[in-house]
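A.B. asks: Right, I'll just put the structure down here and ask away after.
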Amino acid sequence: MEKRVRFKSAWLPWLLIAPQMVVVLVFFFWPAGQALYQSVLTEDAFGGSVQFVGMENFDRLFGDASYLTSFKTTAFFSILVASSGLSISLLLAVMANRVARGAGLYKTLLIWPYAVAPVVAGVLWLFMFASPMGVVAYFLRSIGFDWNHLLNGNHAMALIVMASVWKQISYNFLFFLAGLQSIPKSLIEAAAIDGASPWHRFWTIVFPLLSPTTFFLLVINVVYAFFDTFAIIDATTHGGPGKETAILVYKVYYDGFKALDMGGSAAQSVILMVIVVALTVVQFRFVEKKVQY
Amino acid sequence: MIERRPGLDILSHVILLIGVSIVAFPLYLTFVASTQTAEQISRSIPMSMMPGNNFFESYRLALFGGETSLGGKIPAVWPMMQTSLISALVISIGKIAISLLSAFALVYFRFPFRNLFFWMIFITLMLPVEVRISPTYEVVANLGLLNTYAGLTVPLIASATATFLLRQFFLTVPDELVEAARMDGAGPMRFFKDILLPLSATNIAALFVIQFIYGWNQYLWPLLVTTNEDMYPVVMGIKRMLAGEAYTEWNVVMATAILAMLPPALVVILMQKWFVKGLVDTEK
C-alpha cells in the first residue's frame with residue numbers, strides 16, 4: 001500500500017529518518033556484523049591475541065555435547081511452555097467469553113501478570129517452592145511428594161515452566177479472547193439451532209476458526225520461551241541442577257560473560273539469530289496465508 | 001447468549017475463579033511474606049498464610065536500606081526505582097519519538113533508498129537484544145557508555161515495533177487531509193504537528209503503555225552494562241538480594257518484589273483499554 005499524495009523535499013525525509021537509522025546502524029547492524037566476525041575468531045580471555053579460525057567455533061559447538069543437550073532442553077522447555085500456556089489460556093478465554101456477568105472483572109484479574117518482570121515472576125515462584133518455608137513445597141511433601149528443584153532436574157524444569165506459563169497466560173488470554181469475540185455469532189447460533197452441543201460447536205466451529213490466532217500465539221510463545229525466559233531461569237535455577245535447565249539464551253550469556261569464551265558465545269548468537277529469522281519467516285508465511293477465514 | 005445452560009454457566013464461573021486464584025496466589029503470598037519478619041518466615045514451616053505486623057518495617061528497609069535485625073545489609077530500593085523509572089521513560093518516549101519521525105518519512109515522502117531503509121528497519125524486528133548480547137555489549141563498551149543512562153536505554157530503542165505500528169496507522173489516514181493541508185499552504189512539518197500527531201494520540205498512548213512495561217522490566221541488558229550500584233534498576237536489585245547473602249531476608253525481598261511490580265501493574269490496570277490496544281496492534 002502506498003500513499004497517492006506526498007510531500008516534496010530533498011532533505012527533510014533524510015533528516016526525519018536519520019535518528020532511527022543511526023540507532024539501528026550503531027546498535028543493531030554493527031553488533032550483528034561483530035557477531036558474524038567474532039564467530040570466526042578465537043580470542044583469549046584478556047583480549048590479547050586474536051586468530052582467524054574459520055568455522056572452528058561452529059564445529060566446536062556442534063561437537064560439544066553440552067550445546068546439543070542445551071538445544072534439546074530448549075526444545076523441550078518451549079514445547080511445554082507453549083502447549084500448557086496455550087491450553088490453559090484457551091480454556092480461560094472460552095469461559096470468559098461465555099459468561100454474561102463479570103467478564104470484565106475476570107479479564108482485569110487475569111491480565112496483570114503481563115506487567116510482572118520475568119525475574120520477579122521467577123522470584124515469586126521460587127519463594128513458593130523454596131525450602132524450608134515454601135508453602136507449595138511443604139504441601140507437596142505433606143502428601144508424600146518429595147519436591148527438590150535443587151537436586152532434581154525434572155523438578156527444576158517444572159518450576160521454570162510454571163513460572164514462565166504463569167507470566168504468559170495474560171498475553172495468550174487477551175489474544176484468544178479477541179479471537180473468540182471476532183467469530184460471527186450467527187455461525188454459532190445456526191449450529192445451535194441444528195442441535196449441536198456446546199462441546200461439539202467448540203470443536204467443529206470455534207476451534208477451526210480460531211486456528212490463525214492459535215498459530216500466531218504458538219510462534220509468539222516459542223519465541224517467548226526461547227528468549228524472554230532468561231531472567232526466570234537466572235532467578236530460580238541458574239541453569240541447574242547441572243546444566244539441566246540451561247536453555248540456549250542462558251548458555252550464550254554464561255559462555256560469553258561467565259566463561260569468557262567470546263568466540264563461542266558469538267557463534268551461539270549467530271545460530272540464535274538464524275533460529276529467530278527462521279521462526280519469523282515461518283510465522284509470516286503461514287499467518288499471511290491462513291489469516292483469511 | 002445462545003441458549004440457557006445454567007449448569008455450564010456455573011462451571012464457567014468455577015473454572016474462571018480457579019484460574020484467577022492460581023494467577024493471584026503468588027501475589028498474595030508475596031504480600032503476606034512482605035508483612036512478616038524474616039524470622040517469622042524462616043522459623044515457621046510452612047510460613048503463616050496470614051498477614052503479619054511487620055509491614056512498615058519491611059517496606060522501610062526495602063525502600064531506604066539499612067541494617068536488618070539479623071545484621072545483614074540491605075541496599076536501598078528507592079534510588080533503583082528512580083533508575084528504572086528514568087530508563088523506562090527514556091526507552092518508551094525515545095522509541096515513540098524516533099518512530100514517529102521515521103514512519104512519517106517512510107509514508108509521506110519518496111526519496112532514494114526508501115525501500116532499503118524500510119527493510120533495514122524491518123529486519124531489526126526479528127532480533128531481540130537477547131540474541132546479540134555480547135557483540136552489542138562490546139559496541140556499548142567501545143563507545144564508553146557502560147554505567148550510563150545512554151548505554152542502558154539507547155540500544156533498546158533500536159527495535160522497530162513502534163515504527164511499524166505507526167506506519168500502518170499513517171497509511172490509513174485519508175489522503176484528503178494532506179491535500180486540504182497543502183491547499184491551505186501547510187508544509188510537511190506543519191501537517192505532521194497539527195494533523196498527524198493529534199490523530200495518532202490513541203496509538204501513541206497504546207504504544208507508551210507497552211514500551212513502558214518493556215523498559216521497566218529489562219533485566220539481561222542492565223545486568224551486562226551496569227556494574228555501578230547507582231545504576232541498578234529495581235528488577236536487577238531484587239535478584240542481587242537473593243544471591244548476595246547466604247541468608248536471604250525474604251520479607252525485604254518480597255517487599256521489593258511488590259515495589260518492582262507496582263508501577264507497571266498500575267499502568268496495565270489503569271490504562272487497560274490502551275494496553276489491550278497496544279498489545280494487539282504491535283503484534284498484528
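A short reminder: the numbers here are calculations on the coordinates, not readings from a lab. It should be emphasised that the depicted structure is a prediction, and the values quoted were computed from it without experimental measurement. For neighbour counting, all protein chains shown are included, and Cβ atoms are generated from backbone atoms with ideal geometry for every residue, glycine included.
A.B. asks: Tell me, what HN-Hα J-couplings in whole Hz come from the Karplus equation 6.51 cos²θ - 1.76 cosθ + 1.60 at θ = phi - 60° for each residue of the range B:254-264, using x for Gly and Pro?
C.D. replies: Values per residue, Gly and Pro as x: 5, 4, 4, 4, 4, 5, 6, 7, 4, x, x Hz.
A.B. asks: Could you give me D for chain A, from Stokes-Einstein at 4 °C and 1.567 mPa s, where the hydrodynamic radius is the Kirkwood radius over C-alpha pairs? Units µm² s⁻¹, please.
C.D. replies: Here the translational diffusion coefficient equals 58 µm²/s.
A.B. asks: Then there's this: How charged is the neighbourhood of A:Arg101? Take every other residue with its Cβ under 13 Å from the Cβ of A:Arg101, and add Lys/Arg as +1 and Asp/Glu as -1.
C.D. replies: +1
A.B. asks: Charges at C-beta only: +1 for Lys and Arg, -1 for Asp and Glu. How large is the resulting dipole of chain A about its Cα centre, in Debye rounded to 20?
C.D. replies: Dipole about the Cα centre, nearest 20: 1280 debye.
A.B. asks: Hey, another quick one. Tell me which lysines have Cα within less than 29 Å of A:Lys243's Cα, excluding those fewer than 8 residues away on the same chain?
C.D. replies: Once the sequence-local lysines are set aside, what remains near A:Lys243 is A:Lys72, A:Lys167, A:Lys251, A:Lys258, B:Lys239.
A.B. asks: Another question, if that's okay. Highest mean first, what order results for A:178-186, A:251-259 on Cβ atoms within 10 Å?
C.D. replies: Going by the mean number of other Cβ atoms within 10 Å, highest first, we get A:251-259, A:178-186.
A.B. asks: Sticking with this one: Once the other residues with Cβ under 10 Å from the Cβ of B:Ala255 are scored (Lys, Arg +1; Asp, Glu -1), what is the net sum?
C.D. replies: Numbers: positive: B:Arg60; negative: B:Glu57, B:Glu249.
Net charge in that neighbourhood comes out at -1.
A.B. asks: For every helix of n ≥ 4 consecutive DSSP H residues, a contribution of -39,500 (n - 2.57) applies; sum these over chain B, divide by its total residues, and give [θ] at 222 nm rounded to the nearest 500 deg cm²/dmol.
C.D. replies: Using -39500 (n - 2.57) per qualifying helix, the result is -22000 deg cm²/dmol.
A.B. asks: R0 = 56 Å: FRET efficiency of A:Trp11 with B:Thr202, Cβ-based, nearest 0.05? The partial results should precede the final answer.
C.D. replies: On the way: r = 31 Å, r/R0 = 0.56.
Step by step, r from the Cβ atoms, then E = 0.95.
A.B. asks: May I pose another question? Mind checking B:93-105 for the average number of partner chain beta-carbons within 10 Å of each residue's beta-carbon?
C.D. replies: 4
A.B. asks: Consider all pairwise Cα distances in the range B:133-230 and report the whole-number % of them above 23 Å. If you can, show how the numbers build up before the last one.
C.D. replies: Numbers: 2262 of 4753 pairs.
The calculated P(r) of the range B:133-230 puts 48 percent of pairs beyond 23 Å.
A.B. asks: OK, next. Counting alpha carbon pairs within less than 8 Å and at least 6 residues apart, what relative contact order, in whole percent, applies to the range B:180-281?
C.D. replies: RCO, the range B:180-281: 39 percent.
A.B. asks: Compute the normalised compactness of chain B: alpha-carbon radius of gyration over 2.2 N^0.38 Å, N being the residue count. It would help to have the intermediate numbers written out before the result.
C.D. replies: On the way: Rg = 23.9 Å, N = 284, 2.2 N^0.38 = 18.8 Å.
Normalised Cα radius of gyration, chain B: 1.27.
A.B. asks: Show the residues, 5+ positions off or on another chain, whose built amide H is closer than 5 Å to the amide H of A:Leu41.
C.D. replies: Under 5 Å from the amide H of A:Leu41: A:Val53.
A.B. asks: I'd like to compare A:188-198, A:91-101, A:109-119, B:29-39: which one has the highest average count of other Cβ atoms within 10 Å, and what's the full order after that?
C.D. replies: A:109-119, B:29-39, A:91-101, A:188-198
A.B. asks: Quickly estimate the mean residue ellipticity at 222 nm for chain A, helices only: each DSSP H run with n ≥ 4 gives -39500 (n - 2.57), and the total goes over all residues, rounded to 500.
C.D. replies: Values: 14 runs with 190 residues, N = 293.
That calculation yields -21000 deg cm²/dmol at 222 nm.
A.B. asks: Just counting partner chain Cβ atoms within 10 Å, what average do the residues of peptide A:172-183 show around their Cβ?
C.D. replies: Partner-chain Cβ atoms within 10 Å, mean over residues of A:172-183: 1.
A.B. asks: Ok, one more. Counting each pair of different Cα atoms once, what's the Kirkwood radius of the range B:6-74 in Å, rounded to one decimal?
C.D. replies: This gives a value of 14.3 Å.
A.B. asks: What does the charge dipole of the range B:78-280 about its Cα centre add up to, to the nearest 20 debye, if the Cβ of each Lys and Arg holds +1 and the Cβ of each Asp and Glu holds -1?
C.D. replies: 400 debye
A.B. asks: Considering the dipole of the range B:78-280 built from charges on the beta carbon (Lys and Arg +1, Asp and Glu -1) around the Cα centre, which of B:Thr227, B:Gln272, B:Tyr108 is farthest to its positive end?
C.D. replies: B:Tyr108
A.B. asks: Further question: Per residue Cα convex hull volume for the protein assembly as shown, in cubic angstrom?
C.D. replies: Values: hull volume 103.7 nm³, N = 577.
Spelled out: Cα convex hull of the protein assembly as shown, divided by residues, is 180 Å³.
A.B. asks: Can you give me the three principal axis dimensions of the range B:1-149 from its C-alpha atoms, in Å, biggest first?
C.D. replies: 69, 63, 25
A.B. asks: I would also like to ask the following. If I take every Cα pair under 8 Å that is 6 or more residues apart in the range B:78-280, average their sequence separation and divide by the length, what percent do I get for the relative contact order?
C.D. replies: Contact order relative to length: 36 percent.
A.B. asks: Sticking with this one: Apply the Karplus curve 6.51 cos²θ - 1.76 cosθ + 1.60, θ = phi - 60°, to the phi angles in the range A:236-245 and return the couplings in whole Hz, x for Gly and Pro.
C.D. replies: 9, 10, 6, x, x, x, x, 10, 6, 10
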